[in-house]
Each structure stands twice: as structure tokens, then as C-alpha cells.
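> Take this structure, written in C-alpha cells, and hold onto it; I'll ask about it next.
The values are calculated or read from the model by the stated rules, or taken from the named source; none is laboratory data. From a predicted model like this one, the values you see are computed outputs, not experimental measurements. When we count neighbours, we look across all protein chains shown, and the Cβ atoms used for this are built from the backbone with ideal geometry, even at glycine.
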Amino acid sequence: MSATPTTTQLPAGTWAVDPAHTEVGFVARHLMVSKVRGTFTEVEGTVQAAEDITKSTVEVTAQIASVNTGSEDRDNHLRSGDFFDAEQWPTMTFRSTSFDGEKLTGDLTIRDVTKPVTFDVEFGGVGQDPWGNTKAGFEATATVNRKDWGLTWNAAVEGGGVLVSDKITITIDVQLAKQA
């Protein structure tokens, strides 16, 4: 296999999230005029790929304390009880419930609240790294309302509007490693 993606579907088997080559991120509007981006730097998970791709399953966990927006003050605020409350709820999880090859639906749990989310998924392909390991890549995007998970903190701003948008875009760029 070459480094160039070679298949159009993830081969059956167990695949682990490669955290060094995976980014779980989010985008929120700030002051309703610009975007703030963040990531969770500690992520783990597995994909059980089935021959019939619709029977595949995904489970991913992110450590809330690993949130990184490039601002220590903002990151600490996000970890606080105003937002994620990382001390009480240290992880968020996603467990798939269905996959049709382009749409991945599952249960996203944040702050002990579980809601369904559907991601648009784009398969990047499968390739082999220089050390003989089989890797695969995906991109996934979903838009959610943070208030659905009890993330309600906000502040009104002068002239109207609020400090943080309710609508959050979740972006995932994942590289998977085939397990033996």
C-alpha cells in the first residue's frame, strides 16, 4: 500500500484514534462578529468497522481539561462551572447509533446530558505509513446548540447581541490506526 489513499471504504476491523494526528475542534462566534476556535488535545477512541459499513460503530472520548483555545484565561473559564465544569464532568463522549457512509449519527454526552448529533463525514482514504502501519482518515462536521447540553453561560454586549454564540460548529479531523 502506498501513502496515497487507496480505498473508498474503511476496511473491516478495529481501528484506534491516533491522537497525535487527530484534532477535535469547535468554532463559536465571539461578540457575534468573529470566530473563536478551540480543540481538545486529549482524545481517544475506537472504530469497529464492519464489512457492511452501516453496521460500523464509533466511540470517542475527549478530556475536558485538555480544552485549548490559545488563551489560558478563556480555557480556564471553559473548564469552570460556567461552561464544561471539568472537575465534575471530566470527559465528553460520542457513541454512534447509525452510519450510512456519509452521515454519522450518535449520542454526544457533555455534562452528563446526552443528545443526538449527526455529523457530515468525508472519508479521506486508507494508506500505509513508512513503518508499515495502516492508517485511515476522516473529516466530520456538525453544528449544535450548546444550550442543549446545559452550556448556557453568556453575557450581553453593548449595542445588542451576546458574547458567545449558541450555535457551535464541531470539526473533527481524525486519523485512525488499524489494530492487529
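> What is the residue count in region 116-132 for residues that are surrounded by 13 or more Cβ atoms within 10 Å (Cβ to Cβ) and of a type outside the set (A, V, I, L, M)?
Here is the first cut: in region 116-132, the ones surrounded by 13 or more Cβ atoms within 10 Å (Cβ to Cβ) are 117-119, 121, 123-129.
From the residues that got through so far, the ones that are of a type outside the set (A, V, I, L, M) too are 118-119, 123-125, 127-129.
Number satisfying all stated conditions: 8.
> Moving on. For region 22-114, which fully contained strands (runs of 3 or more DSSP E) count at least 1 residues that are among the aliphatic types (A, V, I, L, M), exposed (fewer than 15 other Cβ atoms within 10 Å of the Cβ) and at pLDDT 95 or above? Steps first, please.
Numbers: elements: 23-30, 34-40, 43-49, 57-63, 91-99, 103-110.
Passing ranges: none, list empty.
> If you don't mind, there's one more thing I want to ask. Determine whether region 148-171 contains at least one residue that is under 14 Å from the mean Cα position of the chain (by Cα) and among the charged types (D, E, K, R).
Of all residues in region 148-171, those under 14 Å from the mean Cα position of the chain (by Cα) come to 168-171.
Okay, now just the ones that are also among the charged types (D, E, K, R), so none.
The answer is no; no qualifying residue exists.
> I would also like to ask the following. So the check is Cβ under 8 Å with 6+ separation or different chains; which pairs have a first residue in region 140-155 that's crowded, with 16+ Cβ neighbours inside 10 Å and a second one that's β-branched (V, I, T) and in a loop (DSSP other than H, G, I, E, B)?
R146/T152
> Continuing with this model, one more query. Could you please let me know if F83 is touching a helix residue (DSSP H, G or I) at 6+ places or on another chain (Cβ under 8 Å) and farther than 29 Å from M32 by Cα?
Details: touching a helix residue (DSSP H, G or I) at 6+ places or on another chain (Cβ under 8 Å): yes; farther than 29 Å from M32 by Cα: no.
No; evaluated as a whole, the condition is false for this residue.
> Further, regarding this structure: With respect to D52, determine if the residue is under 30 Å from Q179 (Cα atoms) and more than 17 Å from the chain's Cα centre (by Cα).
So D52 passes the test.
> Of everything in region 111-148, what is among the hydroxyl-bearing types (S, T, Y) and over 19 Å from P11 (Cα atoms)? Give them in sequence order. First the steps, then the outcome.
So the first thing to find is which residues in region 111-148 are among the hydroxyl-bearing types (S, T, Y), and the list is 114, 118, 134, 141, 143.
Residues satisfying the conditions are T114, T118, T141, T143.
> Residues being within 22 Å of K178 (Cβ to Cβ) and either touching a Ser or Thr at 6+ places or on another chain (Cβ under 6 Å) or in a strand (DSSP E or B) (or both): count how many of those fall in region 115-137. Let's see the steps before the verdict.
As a first pass, look at region 115-137 and keep what is within 22 Å of K178 (Cβ to Cβ): 119, 121-137.
Adding the requirement that they be either touching a Ser or Thr at 6+ places or on another chain (Cβ under 6 Å) or in a strand (DSSP E or B) (or both) leaves 119, 121-128, 134-137.
Number satisfying all stated conditions: 13.
> Turning to a different aspect of this structure: Can you tell me which of (1) in contact with a strand residue (DSSP E or B) (Cβ under 7 Å, 6 or more places away or on another chain); (2) closer than 21 Å to T141 by Cα is the one G101 doesn't meet?
So the condition that G101 fails would be (1).
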